1. Taking the range 1-31 as the search range and keeping residues that are open to solvent by 70 Å² or more (accessible area, probe 1.4 Å) and either touching a Lys or Arg at 6+ places or on another chain (Cβ under 8 Å) or hydrophobic (A, V, I, L, M, F, W, C) (or both), which one is farthest from VAL97 (Cα to Cα)?
2. All but one of (1) touching a residue at least 12 places away in the same chain (Cβ under 8 Å); (2) away from the ligand (no atom under 16 Å from the Cβ) hold for ALA108, so report the exception by its number.
3. Any idea which residue in the range 267-296 is least open to solvent (accessible area, probe 1.4 Å), counting only those that are modelled with pLDDT under 95 and within 13 Å of the ligand (Cβ to nearest atom)?
4. Scan the range 135-155 for residues that are touching a strand residue (DSSP E or B) at 6+ places or on another chain (Cβ under 6 Å) and open to solvent by less than 10 Å² (accessible area, probe 1.4 Å) and jot them down.
5. Go over the candidates GLY93, GLY80 one by one and state the one that is away from the ligand (no atom under 16 Å from the Cβ), in a loop (DSSP other than H, G, I, E, B), of a type outside the set (Phe, Trp, Tyr) and not assigned by TED's automatic domain parsing to the domain that holds SER205.
6. Say whether the condition of being within 19 Å of LEU116 (Cβ to Cβ), assigned by TED's automatic domain parsing to the domain that holds VAL145, touching a residue at least 24 places away in the same chain (Cβ under 8 Å) and outside any strand (DSSP E or B) is met by at least one residue in the range 209-225.
7. From the list GLU220, GLU213, pick out the single residue that is of a type in the set (Asp, Glu) and either within 20 Å of ALA300 (Cβ to Cβ) or more than 10 Å from the ligand (Cβ to nearest atom) (or both).
8. Please specify each residue of the range 211-240 satisfying the condition of being surrounded by fewer than 20 Cβ atoms within 10 Å (Cβ to Cβ) and under 26 Å from ILE140 (Cβ atoms).
Amino acid sequence: MKIILFNAREDEKSALKKYQDENPTIQLDIYNEPLTSESAQYITNEYDAICVSQVKEIPDEVYYKISEAGIKVFATRSAGFDMYKLDLLKKLGIRLVRVPVYSPNAIAEYALSGALYFSRNFDLIQNNVNNNDFRWQPSITSDEVRTKTVGIIGTGNIGRVAATLFKSLGAKVIGYDVYQNDAAKEILTYVDTVEELVPQCDIISLHAPATSENYHLFNEELFKKMKPNCILVNTARGSLVDTKALLNALDQKQLRAAVIDTYEFEGPYVNKLNNIEDIKDEVLLQLLKRNDILYSPHIAFYTNTAIDNLVSIALNGAIKILNGEEAEGEVKL
Ligand code: NAD
């Protein structure tokens, strides 16, 4: 079997090598370039499948080129697939396979780490140390996680692992989900509304997808219901939080701090070396400036295990389809 793979990033090289070593019968031709009209010249009829990890839109002519080469399977090394032209794939009879779950632990551990950073006052302690202030003083004592209540919003794959991690430290864990599931009931206690969850929590971790119903779920009104010591962690999607309202709530001391791995308008800046002068987004500039915000560029997933899994699950998904087997990640077109 022969697969052509585009946009091989530096951080994927070791995962790709490992895959090749473990699957010597699969011939993998690897290109660093993203899939564009120019790089599409490498696609020939010797290939059975194509594997991409695309951020930029793929021109229509490239889809036609894939089809003309007789390629029937298009695998993406990502969970999301909204960047592809599904109608065109369907029309051309090309099947799409993605990686629905690659490592919930990666994101859940990141959420836990961010929450611990603030709950143990690392920000305040570091600030004191930077000023050579090594005193033990009440302003930097903290409460242990086992004395805290943690709220998980969205109790799917990642939310359940996050709940398990917080519970393993002894926290009381409560959860909210539009569709409660039995697996989560083993770990946490559900409440019926977000409004009921928020005032009880010392840490709130978001793990729901972006939908029209939860756009700016965390808004001015909800921030007013928070405990003043509460830490908000968003590793889910930026649109769940009204960021201007968050900044205002922090100024009003309605919560203690926030971990922001996903920000509504992160798009132009993610996975890039940015000059500060080129960042025109005033809200983002404020997020970057504050010590009570731990900002990161949508990086919670970024572990070696996750990268290994993204590569191997995408390729294995393509191979399953080629072998006439069912692939869990196949997207119904
Ligand atoms: P999942 O589909 O397994 O679980 C999502 C859960 O959220 C489901 O149980 C669903 O019923 C629930 N839900 C949907 N709408 C809701 C709402 N309005 N309120 C409460 N719950 C709601 O998804 P997952 O794999 O656990 O991913 C969770 C989130 O993490 C997604 O937003 C995903 O995009 C994000 N994510 C972030 C990163 C990162 O690097 N930061 C990486 C991967 C995934």
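1. GLN27
2. ALA108 satisfies all of (1) touching a residue at least 12 places away in the same chain (Cβ under 8 Å); (2) away from the ligand (no atom under 16 Å from the Cβ) except (2).
3. VAL270
4. Selection gives VAL150, GLY151, ILE152, ILE153, THR155.
5. Numbers: GLY80 fails: away from the ligand (no atom under 16 Å from the Cβ).
Exactly one of GLY93, GLY80 is away from the ligand (no atom under 16 Å from the Cβ), in a loop (DSSP other than H, G, I, E, B), of a type outside the set (Phe, Trp, Tyr) and not assigned by TED's automatic domain parsing to the domain that holds SER205, namely GLY93.
6. Within the range 209-225, the first condition is being within 19 Å of LEU116 (Cβ to Cβ), and the residues that meet it are none.
No, there is no match, as no residue in the range 209-225 is within 19 Å of LEU116 (Cβ to Cβ), assigned by TED's automatic domain parsing to the domain that holds VAL145, touching a residue at least 24 places away in the same chain (Cβ under 8 Å) and outside any strand (DSSP E or B).
7. GLU220
8. LYS227, PRO228, ASN229
The values are calculated or read from the model by the stated rules, or taken from the named source; none is laboratory data. Small disclaimer: the values here were computed from a predicted structure and weren't measured. Because the Cβ atoms are built from the backbone with ideal geometry, glycine has one as well, and the counts that use them run over all protein chains shown. Just so you know, the surface numbers come from the protein's heavy atoms only, side chains and all, with ligands and any DNA or RNA stripped out. Shrake-Rupley method; radii C 1.70, N 1.55, O 1.52, S 1.80 Å.
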